[in-house]
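I have placed the structure first, in the form of structure tokens, so that the comments after it can refer back to it.
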Amino acid sequence: MRILLILLGQLPLSVLQALGAFAGWLSWISGSSRRRIALRNLERCMPELDAAERERIARASLRHEFTTYIETMRVWLGPAQSVKDAVKEWRGIEVLEAAFAQNKGVILLTLHQGAFEAVAIPMSARFPFCGLYTPQRGALNALSIRGRTRFGGHLRATEAGVRQQSLELLGDGMGVYFMPDHDPPPGRGVFAPFMGVPAHTPTLVAKLARESGSPVVYMFGERLPHAAGFIAHFIAAPDGIADADVEAATAAMNRGLEQCLRTCPEQYWWGYKRFRRQPPGVAPFYAGA
């Protein structure tokens, strides 16, 4: 398996993206659960679009999701200069530079959209970032560590509490990144609007922003067509993300995620059950999907 993954990482980006597009097409025509979930999410989150446009976005979403899985091996293991050169534009990079200039560390937020690692890993050559991760078994864990640290990025296993580890890193002036567009375990989230729908949302970022005083910046990687590379986007956090009211701060965090998503909605991973958990008394979101 290790040799296969390493060989996969040496293939041209055009070949890997073609494989990802084919896998997404298979998922679509097979009537997979991801297709059904994507259509349900878009129906509820973007009702202003007609059915044909929502279907177009859903199809593209599956293609981009599978492409991310497959092209990640090249980002981790491919020729270093080629991986760096694939980022064609650093749009809004001055937002990140200004955040680090405050000398308080930086909380970087990304989401399951486009090619997040394709821009995050080259970015680590320019800025001091650390990712917290849960160790996995097998060759994939070792390869992921090798890939994510190849340009100077840091990784730290979550052996102690994530909150305390994050505060220590931020206090040392490091950047710490999170992907908060997921459904956390009970007790670690609150319901906050996301694309007009109540979403059980992690409160960790809101608490860290309040306790550390660190600036918050959003980032995502937009995949360009025809294997032309990627655009790294950086966006300042909305007002209120460090509010003392954790529910208000979490809602502000979701507004920033929405801003990223709406930039290129066809690259968001709509096939994920983001709204699996609903407030008490609310009908199941995915009933019949």
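The values are calculated or read from the model by the stated rules, or taken from the named source; none is laboratory data. None of these values were measured; they are calculated from a predicted model. Cβ atoms come from the backbone with ideal geometry, glycine included; neighbour counts cover every protein chain shown.
Among Arg156, Arg163, which is the only one that is over 18 Å from the mean Cα position of the chain (by Cα) and exposed (fewer than 14 other Cβ atoms within 10 Å of the Cβ)? Answer to the check: Arg163. Within segment 132-146, restricting attention to residues that are in contact (Cβ under 8 Å) with a residue 24 or more places away in the chain and either surrounded by 23 or more Cβ atoms within 10 Å (Cβ to Cβ) or among the polar types (S, T, N, Q) (or both), the residue that is farthest from Ala60 (Cα to Cα) is Thr134. Just one of (1) of a type in the set (Gly, Ala, Ser); (2) farther than 28 Å from Gly138 by Cα; (3) buried (at least 17 other Cβ atoms within 10 Å of the Cβ) fails for Ser27. It is (2). Against the definition (at pLDDT below 95 and either in contact with a strand residue (DSSP E or B) (Cβ under 9 Å, 6 or more places away or on another chain) or in a loop (DSSP other than H, G, I, E, B) (or both)), how does Ala251 come out, yes or no? So Ala251 fails the test.
Screening Pro184, Pro193, Pro128 for residues that are farther than 30 Å from Val87 by Cα, in contact (Cβ under 8 Å) with a residue 24 or more places away in the chain and surrounded by fewer than 20 Cβ atoms within 10 Å (Cβ to Cβ) leaves exactly one candidate, Pro193.
The residue list Glu55, Glu89 contains one member that is in contact with a helix residue (DSSP H, G or I) (Cβ under 8 Å, 6 or more places away or on another chain) and either closer than 20 Å to Gln259 by Cβ or of a type in the set (D, E, K, R) (or both), which is Glu55. Here Leu49 passes the criteria (1) closer than 30 Å to Pro215 by Cβ; (2) outside any helix (DSSP H, G or I); (3) among the aliphatic types (A, V, I, L, M) except the one numbered (1).
Got at least one residue in segment 153-171 being touching a Ser or Thr at 6+ places or on another chain (Cβ under 7 Å), under 25 Å from Leu4 (Cβ atoms) and in contact (Cβ under 8 Å) with a residue 24 or more places away in the chain? Scanning segment 153-171 turns up at least one residue that is touching a Ser or Thr at 6+ places or on another chain (Cβ under 7 Å), under 25 Å from Leu4 (Cβ atoms) and in contact (Cβ under 8 Å) with a residue 24 or more places away in the chain. Hey, Gly24 hits all of (1) within 21 Å of Phe230 (Cα to Cα); (2) touching a Pro at 6+ places or on another chain (Cβ under 6 Å) but one; which does it fall short on? The single condition Gly24 does not satisfy is (2). Might you check whether a residue that is surrounded by fewer than 20 Cβ atoms within 10 Å (Cβ to Cβ), β-branched (Val, Ile, Thr) and either free of Cβ contacts under 8 Å to residues at least 40 places away in the same chain or under 26 Å from Glu168 (Cβ atoms) (or both) occurs anywhere in segment 276-283? No, every residue in segment 276-283 fails to be surrounded by fewer than 20 Cβ atoms within 10 Å (Cβ to Cβ), β-branched (Val, Ile, Thr) and either free of Cβ contacts under 8 Å to residues at least 40 places away in the same chain or under 26 Å from Glu168 (Cβ atoms) (or both).
Could you please let me know if Gly256 is assigned to a loop (DSSP other than H, G, I, E, B) and out of contact with any Asp or Glu (no Cβ under 6 Å at 6 or more places or on another chain)? When the stated conditions are applied, Gly256 does not pass them.
Find the residue count for segment 73-83, including only residues that are assigned to a loop (DSSP other than H, G, I, E, B) and surrounded by 14 or more Cβ atoms within 10 Å (Cβ to Cβ).
Within segment 73-83, residues that are assigned to a loop (DSSP other than H, G, I, E, B) and surrounded by 14 or more Cβ atoms within 10 Å (Cβ to Cβ) number 1.
Out of the residues in segment 33-60 meeting the condition of being surrounded by 15 or more Cβ atoms within 10 Å (Cβ to Cβ) and of a type in the set (Gly, Ala, Ser), tell me which one is nearest to Pro79 (Cα to Cα). Give the steps one after another, and end with the answer.
Initial filter on segment 33-60 (surrounded by 15 or more Cβ atoms within 10 Å (Cβ to Cβ)): 34-42, 45-46, 49, 54-55, 57-60.
From what's left, of a type in the set (Gly, Ala, Ser): 38, 58, 60.
Values: Ala38: 34, Ala58: 32, Ala60: 28 Å.
Per the stated criteria, the residue is Ala60.
For segment 84-98, the candidate set comprises residues that are part of a helix (DSSP H, G or I) and of a type outside the set (Val, Ile, Thr); within that set, the residue that is nearest to Glu117 (Cα to Cα) is Lys84.
Could you list, in sequence order, the residues of segment 26-81 that are aliphatic (A, V, I, L, M), closer than 22 Å to Arg2 by Cα and within 21 Å of the chain's Cα centre (by Cα)?
Across segment 26-81, the qualifying residues are Ile70, Met73, Val75, Leu77.
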